[in-house]
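Take a look at the structure below.
The values are calculated or read from the model by the stated rules, or taken from the named source; none is laboratory data. Fair warning: this is a prediction, and the values are worked out from it, not measured in the lab. No Cβ is skipped: glycine too gets one built from the backbone with ideal geometry, and neighbour counts run over all protein chains shown.
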């Protein structure tokens, strides 16, 4: 645990010191009308029932389907496959201003006794950049589990709107930019549906590689994640699945915190 705190502190402290959350919040209040005019207002949640539509899997032969459920605990979620087997467990923290601790921890399995495979630091609710870590910051070479952490930045695409987020992933010639985009223009703090496509902000028609579709007006984290299993290498495929889950859950959790 001391090693994890040390690594996260070194990684996050520079950004935390360079930002003043109070100033950012005040700036966002001044520009609230800009974002409000962008998003259309959906029907009242009281007049809409939760979605019972059939699966939106773009291609069942290529896309893995994971359903988000909350088995127990306010800040604990699981992503389960179609046989209800837990593939990932997501544990979140309420507080965001402790630089040495991640806001999201991702475990490969049914609970936190399973391997820790990724972490996210969200900073404050209006941050332009989040830090995503693939791997276990606690692991060391001595226990046989130690592997080099992969750190990536998840950046908001526009200054005043939370409608797109971009990150890079891969090594060498395989490294690409990827962009999550909201596909339903509700109010700023409601993430109903979004797509992940290959390419930066300008490449809106890039290859579709993941899709999140929400199924509840009352719980933004209830929905289904579809992601394309890419690459022949088993380890790279594992890392790809982790980075898709971490980036999607980071965007949704940040929206939840803005809505409070």
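Yes or no, residue by residue, for (1) more than 16 Å from residue 120 (Cβ to Cβ); (2) part of a strand (DSSP E or B); (3) touching a strand residue (DSSP E or B) at 6+ places or on another chain (Cβ under 9 Å):
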site: 148; (1), (2), (3): yes, no, no
site: 153; (1), (2), (3): no, yes, yes
site: 165; (1), (2), (3): no, yes, yes
site: 197; (1), (2), (3): yes, yes, yes
site: 204; (1), (2), (3): yes, no, yes
site: 209; (1), (2), (3): yes, yes, yes
site: 213; (1), (2), (3): yes, yes, yes
site: 225; (1), (2), (3): no, yes, yes
site: 247; (1), (2), (3): no, no, yes
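Hey, could you check segment 156-171 for residues that are surrounded by fewer than 18 Cβ atoms within 10 Å (Cβ to Cβ) and in contact with a helix residue (DSSP H, G or I) (Cβ under 7 Å, 6 or more places away or on another chain) and say which is farthest from residue 212 (Cα to Cα)?
Result: 160.
Is it the case that residue 184 is outside any strand (DSSP E or B), more than 16 Å from the chain's Cα centre (by Cα) and at pLDDT below 85?
Judged against the criteria, residue 184 is a match.
Look at segment 56-87 and say how many of its residues are touching a residue at least 60 places away in the same chain (Cβ under 8 Å), more than 16 Å from residue 227 (Cβ to Cβ) and surrounded by fewer than 17 Cβ atoms within 10 Å (Cβ to Cβ).
Residues meeting the conditions: 2.
Could you check segment 227-238 and list, in sequence order, the residues that are in a helix (DSSP H, G or I) and more than 16 Å from residue 66 (Cα to Cα)?
234, 235, 236
Each row is one residue, and each column tells you yes or no for (1) touching a residue at least 12 places away in the same chain (Cβ under 8 Å); (2) surrounded by fewer than 20 Cβ atoms within 10 Å (Cβ to Cβ); (3) over 27 Å from residue 94 (Cβ atoms); (4) touching a helix residue (DSSP H, G or I) at 6+ places or on another chain (Cβ under 9 Å).
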position	(1), (2), (3), (4)
215	yes, yes, no, no
218	yes, yes, no, yes
222	yes, yes, no, no
227	yes, no, yes, yes
245	yes, no, no, no
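Here are the criteria: (1) under 17 Å from the mean Cα position of the chain (by Cα); (2) in a helix (DSSP H, G or I). Tell me which single one residue 220 does not satisfy.
(2)
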